[in-house]
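Structure record follows, encoded as structure tokens.
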Amino acid sequence: MDNLLQIGAEALKKAALNEEAKRFLLTNDKLFQTLKKAADRYIGGESLEEAVVSIKNLNRLGFSVTTDYMGESIRNEKEASDATDEFVNLAKAVRTGNLHSSISLDLSHIGLLVSKELARQNLERICLEAAQAGQEVIISMEGTDRTDAILDLYKETLKTHANLGITLQAYLFRTKDDFKELVQLPGSIRLVKGAYNTPVGASMPRGPELDDSYLAYVDQLLSKNHPCSIASHHEKIHEATVSLIDTYRPTNYVLERLLGIGNEELGLYRDRGYKCRIYVVYGKEWYLYLCNRWAEYPLNLFRGLADMVG
């Protein structure tokens, strides 16, 4: 069974990167609308207005939110500028609506692959707007070919924008050294296990060794009361994290899960008084996102089939 799930996961990851399949989907309205029913479980909507409604509903349920306008790997200045405008409008909507949501983004969505300077300028625009309402801006992590550029830009921008945070991937062997440096800085750290394919020898596979490594980072973050989000859908991870919270009594933490995955279980932690946050994405670039959610646990394809015919 494990082998079949791994084969299915790899196939879904390839499907996510298939540009021809994506183009066909976007030009076939019937197929688009059918698959969209499955995607709706995981996304906050296609427009900013729909995302605002999703944020409001989650806030009413007692969850904080971090919101991401979907997109990555932009390779021209105009599209990067348009994406930046959307993030600025998101920050404004959160402020005017008195919502409890931070902003999450990929640097390659706002120009990193065009130039570091363009990404820096666009990131500063977003941070400035978000700061007006005390919103945090959290940089997501991407493939290992971009890690150095992402960390360099984060450290540089953090010097002038204190509302900036970074994501670290526990499965990378290099994270041990990156963590030592970044935990000395004031910016928040979102800790994830990591899901990108990596060069041989760059990362450890899912399993007990990775769980132990992840929890060792969690222990350091919580014991230091360093601002952090523990982003995992693994029940073992969150149960162990809660035990550490009970031990250290930190105040600068949040338990985080993606919209549509394990939110009922997260609600149980919320009911026990722990700080809980849901990661909401919105936009029209949901094809890759849906494939990646299925790739994480291919049996979710059956849930998707039920959503499509329901």
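Somewhere in the range 176-197, is a residue surrounded by fewer than 21 Cβ atoms within 10 Å (Cβ to Cβ), in contact with a Pro (Cβ under 8 Å, 6 or more places away or on another chain) and over 17 Å from Leu221 (Cα atoms)? Within the range 176-197, not a single residue is surrounded by fewer than 21 Cβ atoms within 10 Å (Cβ to Cβ), in contact with a Pro (Cβ under 8 Å, 6 or more places away or on another chain) and over 17 Å from Leu221 (Cα atoms).
On the given criteria, is Gly207 on the phi > 0 side of the Ramachandran plot and in contact with a Phe, Trp or Tyr (Cβ under 7 Å, 6 or more places away or on another chain)? Let's see the steps before the verdict.
Numbers: on the phi > 0 side of the Ramachandran plot: yes; in contact with a Phe, Trp or Tyr (Cβ under 7 Å, 6 or more places away or on another chain): no.
Answer is no for this residue.
Residue by residue, here is whether (1) in the same structural domain as Tyr253 (by TED's automatic domain parsing); (2) part of a helix (DSSP H, G or I) holds:
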| residue | (1), (2) |
| --- | --- |
| Lys36 | no, yes |
| Thr66 | yes, no |
| Ser108 | yes, yes |
| Gly111 | yes, no |
| Gln121 | yes, yes |
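The number of residues in the range 114-150 that are under 30 Å from Thr96 (Cβ atoms) and of a type outside the set (A, V, I, L, M, F, W, C) comes to 11.
Hand me the list of strands (runs of 3 or more DSSP E) wholly inside the range 195-307 holding 1 or more residues that are closer than 28 Å to His109 by Cα and basic (Lys, Arg).
On the way: elements: 228-231, 253-258, 276-282.
Hits in the range 195-307: 253-258, 276-282.
Considering (1) of a type in the set (Ser, Thr, Tyr); (2) in contact with a Cys (Cβ under 8 Å, 6 or more places away or on another chain); (3) under 24 Å from Asn89 (Cβ atoms), the lone condition that Tyr253 does not fulfil carries the number (3). Inspection of the range 75-92 finds no residue satisfying the criterion of being touching an Asp or Glu at 6+ places or on another chain (Cβ under 9 Å), modelled with pLDDT under 95 and among the aliphatic types (A, V, I, L, M).
Tell me the residue from Lys275, Lys224, Lys284, Lys236 that is charged (D, E, K, R) and closer than 27 Å to Ile74 by Cα, please. If you could, list the steps in order and put the result at the bottom.
Numbers: Lys275 fails: closer than 27 Å to Ile74 by Cα; Lys224 fails: closer than 27 Å to Ile74 by Cα; Lys236 fails: closer than 27 Å to Ile74 by Cα.
Testing whether each residue is charged (D, E, K, R) and closer than 27 Å to Ile74 by Cα leaves just Lys284.
For the range 108-148, the set of residues classified as modelled with pLDDT of 95 or more, of a type in the set (A, V, I, L, M, F, W, C) and more than 18 Å from the chain's Cα centre (by Cα) consists of Leu113, Val114, Leu118, Ala119, Leu128, Ala131, listed by residue number. Taking the range 43-70 as the range and being crowded, with 22+ Cβ neighbours inside 10 Å and not hydrophobic (A, V, I, L, M, F, W, C) as the test, the residues that pass are Gly44, Thr66, Thr67, Asp68, Tyr69. Can you tell me which residue is nearest to Phe87 (Cα to Cα) among those in the range 129-158 that are outside any loop (DSSP other than H, G, I, E, B) and acidic (Asp, Glu)? Only one residue fits best here, namely Glu129.
The values are calculated or read from the model by the stated rules, or taken from the named source; none is laboratory data. Just so we're clear, the structure is a prediction, and the values are computed from it rather than from any experiment. Neighbour counts are summed over all protein chains in view; Cβ atoms, including those assigned to glycine, are modelled from backbone coordinates with ideal geometry.
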